[in-house]
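Each remark here refers to the structure printed beneath this line.
The values are calculated or read from the model by the stated rules, or taken from the named source; none is laboratory data. None of the values given here were measured: they were computed from a predicted structure. Counting neighbours? That spans all protein chains shown, and the Cβs are built from the backbone with ideal geometry, glycine included.
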Amino acid sequence: MSLTCWGFVYLADGADPARDTSIVDTGSCRTVLVGMAEPDQVADVARRLADDGAQLIELCGGFGPQWTARVLGAVGHRVPVGAVTYGTESVPGLHALFAPPDA
């Protein structure tokens, strides 16, 4: 079996999974990118991806382990679920990107 369809879910201010879904199709592999503003939308999106044929789902690093666990619970063992992680060397850069303005 080869990978022919997978999903990547990311967080972005103002993103709506009903609207902000992009597909990259190389002819041999289909990648579905789904953006959302609120992490509590991720379980429903993951179920939809799995139902639509995704063979694996990856989450951007903004979700963290709590949301990864919720996705695992939502899709069961139907598809593997992975999550992007950042090493400690990336903490200053992440803080610069996502810290509240008064921090």
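Brief remarks follow.
- Qualifying residues in region 16-46 (those that are in contact with a Lys or Arg (Cβ under 9 Å, 6 or more places away or on another chain) and of a type outside the set (A, V, I, L, M, F, W, C)) - the one surrounded by the most Cβ atoms within 10 Å (Cβ to Cβ): G35
- Residue list for region 63-88, restricted to those being in a helix (DSSP H, G or I) and under 16 Å from the mean Cα position of the chain (by Cα): G64, P65, Q66, W67, T68, A69, R70, V71, L72, G73, A74, V75
- Among (1) among the charged types (D, E, K, R); (2) surrounded by 10 or more Cβ atoms within 10 Å (Cβ to Cβ); (3) more than 23 Å from M1 (Cβ to Cβ), the one test that D13 misses: (2)
For every residue, the table says whether it meets (1) at pLDDT 95 or above; (2) touching a Gly at 6+ places or on another chain (Cβ under 8 Å); (3) closer than 27 Å to M1 by Cα; (4) in a loop (DSSP other than H, G, I, E, B).
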site: P17; (1), (2), (3), (4): yes, yes, no, yes
site: G35; (1), (2), (3), (4): yes, no, no, no
site: L49; (1), (2), (3), (4): yes, yes, yes, no
site: A54; (1), (2), (3), (4): yes, yes, yes, yes
site: E58; (1), (2), (3), (4): yes, yes, yes, no
site: G61; (1), (2), (3), (4): no, no, no, yes
site: S90; (1), (2), (3), (4): no, no, no, no
site: G93; (1), (2), (3), (4): no, no, no, no
site: A96; (1), (2), (3), (4): no, no, no, no
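- Verdict on V45 being in contact (Cβ under 8 Å) with a residue 12 or more places away in the chain and part of a strand (DSSP E or B): no
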